[in-house]
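Read through the structure below, which is laid out as structure tokens, and then see the notes.
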Amino acid sequence: MAHDFSDPSGLYAVVGEFDSAKELMHAAESARHAGYTQMDAYSPFPIHGLSEAIGFRDTKVPWTVFIFGLIGVTTGYTLQWYTSVIDYPMNVGGKPLNSIPAFIPVSYECTILFAAFSAAIGMFVYNKLPQPYHPIFNAKNFERASQDKFFLAVEATDPHYDAKAIEKVMKENGAVEVSECDF
Amino acid sequence: LVLASSESVSVGLFSKALGFDISNFVWWIGIGHAGTLISAILLLLRQQWRNSINRFAEAMTIFAVMCAGLYPLLHTGRPWNAYWLFPYPNILGMWPQFRSPLMWDVFAVSTYFSVSAVFWFVGLIPDFATLRDKSTNRYAKVIFASLAMGWRGSNQHWHRYEQMYLLLAGLSTPLVLSVHSIVSFDFAISIVPGWNVTVFPPYFVAGAVFAGFAMVLTWLIPVRKVYKLNHLVTDRHLDWMAKILLATGLIVFYGYILEIFFSWYSGNFYEYKLLIETRFTGMYAKFYWALIFCNGIAPQIFWWHKARKNIFWLMFISQLVSVGMWLERFVIIPMSLTSNYLPSSDKPYYPSTWDFAMFAGTIGFFIFLMMLFIRFLPVINMFEVKDLLYKMGGKKEYVEGAERVEVKA
């Protein structure tokens, strides 16, 4: 993904089209073994093990959720504590001002609210969505990537980039078609 | 509904009229719960069959919670001041009372609604991308493209998407359980006879799932017939849903039995009086016995395999359960208010025209939103069904067949 999008010309990637998720997995694995690092796969549904095949690891989303969950519980409790103890103390049925058991439900809901929103927003932010334009949409037949075809793209920024060699790896693994795609 | 809100001043201000508003509120919230159960809990339990019904159930959740949300607003009696419920710094220098279960409700229901909406929307994104790529109409393409926000099904997208989806499911599961527990605290924390029962939280949650699955069946059976989705929502799905109805029905029935037991065992005169004079006998007794029939007895027919396969019985029992769950809320809420500690409370309650008008209004609103959803959005989660078929070793033509149906819908 390390692209300079300010340069609108030039080659983006070599893209192979596959008929099945299995072929895509094998192709991704062979490409990784051949030393390619700048690649991405496109499929109509999530495929388990594909991230490992490509060599993509990322745990930013879970960590974000964890941190925002903590922020949520702190916010929820602090809000109640501040309003009931500091700013507007009121004796209700002789309960202590800081009524811990009664403050649990709201703190709990705030935890979930913050964590759930951070999960969704985090997913968008880390995936750089919304993103109206991306060069992969120029790839031949790419509209099928959201329907029933599977694509593997090795990007031109890859240090070992060699169109012919990549095409060979993809064809060996059952690519129906291999084409180059521009910005 | 506009009329109803203008009338709500009079509707809401009489303490007993509260009864009808609140029973409807609890009923609607409960209906919403099946959606979250299907989408979140069954996902965590790796029940893959949920994939073909979850989108539908989630939409139902959101619309039901919208209907539910209207009631607390209106029953405040001054709906234009409803924002006073939220903690915001104001010139009065006042803050809401966080020791009150009604405030817990504000947080629980608003969190529930917003998290369900997020869950539903992110679930739709990959399907919007499919629709963007499939649609030929230019306007439809632009709309779906904007909604898909540039989703391209890349492995990085899916990787983070799956992490997020699993986390959302993990967060929604305790959320859904907490929401109805908190709703039940509105009653259980009080001292009103028939309300002050410790079994309320689990019993309300089971009742919610029970009512919700009945509503899912009520909608799913006609929709699958009209749109010919029999290969996606199969007879096995209906069979499983009937089993869940049976199981949650038994839990609810156990709750009714416990209520009877506790009102005797507590030794509390008012609890016992409520049970005998208001529930078992008296002017409301027919509602109580109808409730026992609809929720306790009728679903027992699902012990038989044949009944679970029969569309007529599924539909019929689902209707009975919806009625029964509504009766349950009615039995618990207004009936307790007609018989408690003060003689001044001992007068019968009957809902006014406006109460009925509002109830009809929310049902109409719900049907309207469901119809819009069925018409304009994919009612079946396409990418999850493809995933399911892939894992089952399905053939490609099924995947394509599945898609054709949905895009048409």
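All of the numbers you see were taken from the coordinates with simple rules; none came from a lab. Predicted model, so just to flag it, every value in this text is computed and none were measured. As a convention, Cβ positions derive from the backbone with ideal geometry for all residues, glycine included, and neighbour counts pool all protein chains shown.
Some observations on this one:
- Under-5 Å amide H pairs with B:ARG78, H placed in peptide plane, nonlocal only: none
- Taking each of B:LYS141/B:LYS228; B:LYS141/B:LYS386; A:LYS22/A:LYS149 in turn, the alpha-carbon distance tops 20 angstrom for B:LYS141/B:LYS228; B:LYS141/B:LYS386.
- Label positions at B:HIS231 and A:SER20, each projected 7 Å from the Cα along the C-beta direction, are separated by 1.9 nm.
- By the helix-only formula, in which each DSSP H run with n ≥ 4 contributes -39500 (n - 2.57) and the sum is divided by residues, chain B has a 222 nm mean residue ellipticity of -23500 deg cm²/dmol.
- In this label model, B:TYR350 and B:ILE251 are separated by 3.8 nm, measuring between points 7 Å along each Cα→Cβ vector.
- Cα-based radius of gyration for chain B, normalised by 2.2 N^0.38 Å, reads 1.04.
- q = 0.09, 0.11 Å⁻¹: log10 I(q)/I(0) that the Debye formula gives for the protein assembly as shown, counting C-alpha atoms only: -0.78, -1.06
- 3J(HN,Hα) from dihedral phi, the range B:324-340, Karplus parametrisation 6.51/-1.76/1.60, rounded to Hz, x for glycine, proline: x, 5, 5, 4, 4, 4, 5, 4, 6, 7, x, 5, 5, 6, 8, 8, 9
- Seen against the Cα atoms of chain A and their longest principal axis, helix A:100-126 is set at about 20 degrees.
- For the range A:30-36, backbone phi angles converted through the Karplus equation (6.51, -1.76, 1.60; θ = phi - 60°) give residue-by-residue couplings of 4, 5, 5, 5, 6, x, 7 Hz, Gly and Pro being listed as x.
- Peptide B:143-155 is shielded by partner chain Cβ atoms: per residue, an average of 6 of them sit within 10 Å of its Cβ.
- Close amide-amide hydrogen proximity is noted between A:GLU177 and A:GLU17, each under 5 Å apart and 5 or more residues distant or on a separate chain (H modeled in the peptide plane; Pro and chain starts excluded).
- In the range B:43-156, the alpha-carbon atoms span a convex hull of 204 Å³ per residue.
- Whether the range A:134-178 is rounded, prolate or oblate, judged on the alpha carbon gyration tensor where a/c under 1.5 counts as rounded: oblate
- Extent along principal axes [Cα atoms of the range B:181-319; Å; largest to smallest]: 56, 29, 23
- Dipole of the protein assembly as shown [Lys/Arg +1, Asp/Glu -1 at C-beta], most positive-end residue of A:ALA175, A:VAL92, B:PHE253: B:PHE253
- Prolate/oblate/rounded label for the range B:245-292 (Cα gyration tensor, a/c 1.5): oblate
- A simple spin-label model places pseudo-atoms 7 Å from Cα toward Cβ; at B:GLN319 and B:PHE376 they are separated by 3.0 nm.
- Cα-based Rg and Dmax for the range B:260-320, where Dmax is the largest Cα-Cα distance (Å): 16.1, 47
- Distance histogram for chain A (every C-alpha pair counted, 10 angstrom bins, percent rounded to whole numbers): 9, 27, 23, 13, 11, 9, 6, 2, 0
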